[in-house]
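Contents: one structure, followed by commentary.
Coordinate-derived values only; no laboratory data. Bear in mind the structure is a predicted one, so any value in this text is a computation, not a measurement. FYI the Cβ positions are ideal-geometry reconstructions off the backbone, even for glycines, and counts take in every protein chain you see.
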Protein chains: 2
Amino acid sequence: MNELRLTAFETLPEFRPGDDPGLAILEAAGREGFIWSGGCALVVAQKAVSKCEGAIVQLAGVSPSADAQRLAAKLDKDPQLVEVILKESRLIIRSERGVLITETHHGWICANAGVDRSNVPGDDCVTLLPKDPDASARAIRETILRETGFGCPVVISDTFGRPWRMGLVNVAIGVAGFAPVVDLRGEVDAEGAPLEATQIALADELAAAAGMIMPKTGNTPVVAVEGLSIRAAEARADQLQRPAAQDLFR
Amino acid sequence: MNELRLTAFETLPEFRPGDDPGLAILEAAGREGFIWSGGCALVVAQKAVSKCEGAIVQLAGVSPSADAQRLAAKLDKDPQLVEVILKESRLIIRSERGVLITETHHGWICANAGVDRSNVPGDDCVTLLPKDPDASARAIRETILRETGFGCPVVISDTFGRPWRMGLVNVAIGVAGFAPVVDLRGEVDAEGAPLEATQIALADELAAAAGMIMPKTGNTPVVAVEGLSIRAAEARADQLQRPAAQDLFR
């Protein structure tokens with residue numbers, strides 16, 4: 001428990017629609033001499049998964065609605081991009097000062113519903129978040145389990161901004177094989193006193209850690225984390241979503 | 001750049017007021033055979049620093065003001081604890097449903113102004129955040145630089161909750177020796193397209209990563225992170241604070 005190792009795979013291909021990310025990860029691991037084990041978790045950037053799943057939209061083919069046109073004018077954004085963002089959203093949280101923050105159909109609150117232009121090949125194309133990031137994570141986990149015998153926890157990550165704090169951090173938007181929030185309520189601290197309010201967002205810590213070796217300027221979208229002891233569990237990333245009724249900041 | 005290693009020091013003492021955290025870290029590193037290098041960063045939990053700095057208050061000696069008594073009754077909290085929290089705060093952000101979120105005098109927005117009961121020895125004692133976490137980080141950095149010749153980046157971390165997302169994550173509240181937010185604006189992605197809106201909260205990623213091996217139930221408050229190439233810079237943690245005028249969620 002006193003040492004963790006993070007390894008970014010460096011020989012992954014540029015992913016294209018129809019690719020199998022789990023198989024590509026296995027092949028890269030083989031080429032790079034990575035040794036699978038029971039103490040291994042994987043963090044996979046959303047963009048790689050979205051490309052494999054064909055979650056790419058060419059803006060030129062998008063017809064913006066009247067709502068999208070109004071909002072685009074207000075925010076000084078591309079109406080076609082705003083149309084795509086609105087299609088990916090179930091609720092607008094804020095639309096001010098050039099910033100469009102929405103709640104996606106999955107329940108994630110983030111800028112532009114996760115629709116992103118960077119690191120997308122092809123003129124005028126954007127990626128969407130995967131339709132079901134938990135399913136994407138499960139598929140990768142199952143491929144690796146089938147081929148290696150190890151059922152590693154998998155996180156699908158994206159980089160989100162935060163209220164109050166500057167800068168983006170990588171967070172989890174999909175998980176497989178482990179509980180994304182570790183509940184320590186009822187346990188005791190090093191002094192033997194009961195811990196208060198101590199639910200740890202392990203999936204977000206994994207994502208943030210991996211973010212350090214997933215440079216935005218490069219192409220290493222998969223990181224293996226070794227050394228954690230994570231209890232296997234069936235779980236969903238929506239355990240990371242604070243219910244609206246309990247949230248003081250919407 | 002493709003591998004990171006995180007090591008939690010396991011032979012640190014229980015810190016007491018007057019202890020020098022930098023020296024204690026050097027001694028633990030020596031005992032544990034840790035090899036300092038230029039590619040090493042340190043994450044130190046706030047609680048260890050606060051104990052060394054004597055930032056501990058015994059609640060029995062606190063006289064709650066009328067404001068603290070009213071707020072405590074509303075939130076069903078201990079009036080003495082609320083008094084301490086208000087003293088640590090410059091602004092109340094939310095006080096509802098048993099939750100007290102304030103802006104500390106340093107500018108951090110968090111629950112209970114970072115005042116915490118867990119892992120504090122002594123009946124009825126709480127820790128406060130260090131008075132100047134950047135200065136705490138600088139002192140540790142300078143001690144290690146003086147003794148080893150390596151000027152490692154240092155993060156002072158605490159675990160904060162977040163709007164919208166469940167669970168706590170470790171974040172940075174003090175830094176020394178590096179820019180806590182890495183600004184990639186003007187750089188290009190793997191496709192050669194300019195990156196948009198890409199400021200990365202590196203200090204928070206370091207803190208979150210270290211959080212994985214700083215269990216709340218144990219006592220390993222210092223983690224070394226090796227393998228990152230971080231440019232040395234004079235910097236302050238308030239670069240992580242989103243100015244109120246740019247924040248849509250206060």
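Between copies, how far does the label point of residue A:96 sit from its twins, in nm, shortest first, when each point is 7 Å from Cα along Cα→Cβ?
Residue A:96 label point versus its equivalents elsewhere: 1.6 nm.
State whether chain A is rounded, prolate or oblate according to the following rule on the C-alpha gyration tensor (a ≥ b ≥ c being the square roots of its eigenvalues): a/c under 1.5 gives rounded; otherwise a/b larger than b/c gives prolate, and the remaining case gives oblate. Walk me through the intermediate numbers first.
Details: a/c = 2.22, a/b = 1.27, b/c = 1.74.
Taking the square roots of the gyration eigenvalues as a ≥ b ≥ c, chain A is oblate.
Determine which lysines satisfy two conditions relative to residue A:131: a Cα distance under 18 Å, and not lying fewer than 8 residues away in the same chain.
Answer for residue A:131, where 18 Å is the Cα cut-off: A:47, A:51, A:87, listed by chain and number.
Per 5 Å bin, what percent of the C-alpha pairs of the stretch A:1-106 does each bin hold, from zero upward?
Computed distribution, short to long bins: 2, 10, 15, 15, 12, 10, 11, 10, 8, 5, 1, 0.
Run a plain Debye calculation on the protein assembly as shown (Cα atoms as equal point scatterers, no solvent) and give log10 I(q)/I(0) at q = 0.07, 0.11 Å⁻¹, rounded to two decimals, same order as the q list.
The Cα Debye sum returns log10 ratios of -0.37, -0.93.
Just to confirm the numbers: residue A:192, label point 7 angstrom along the Cα-Cβ line, distances to the other copies in nm, shortest first?
Values, ascending and in nm: 6.8.
If you average the sequence gap of Cα pairs under 8 Å that are 6 or more apart and divide by the length of chain B, what percent do you get for the contact order?
Details: 483 pairs, mean separation 61.9, N = 250.
Relative contact order here is 25 percent.
Could you work out the mean count of beta carbons from other protein chains within 10 Å of each residue's beta carbon in A:166-175? Provide the component values of the computation, followed by the final result.
Numbers: counts 14, 15, 10, 11, 5, 4, 1, 0, 0, 0.
Mean shielding by partner chains, rounded to a whole number: 6.
By Kyte-Doolittle mean hydropathy of at least -1.0 and Cα axial length of at least 20 Å, which whole DSSP H helices of chain A are selected? Before the final figure, lay out each step's value.
Numbers: long enough: A:133-148 (22 Å, -0.60).
Helices passing the filter in chain A: A:133-148.
Given q = 0.24, 0.25 Å⁻¹, what are the Debye log10 I(q)/I(0) values for the stretch A:56-126, with equal point scatterers placed on the Cα positions and solvent ignored?
-1.10, -1.17
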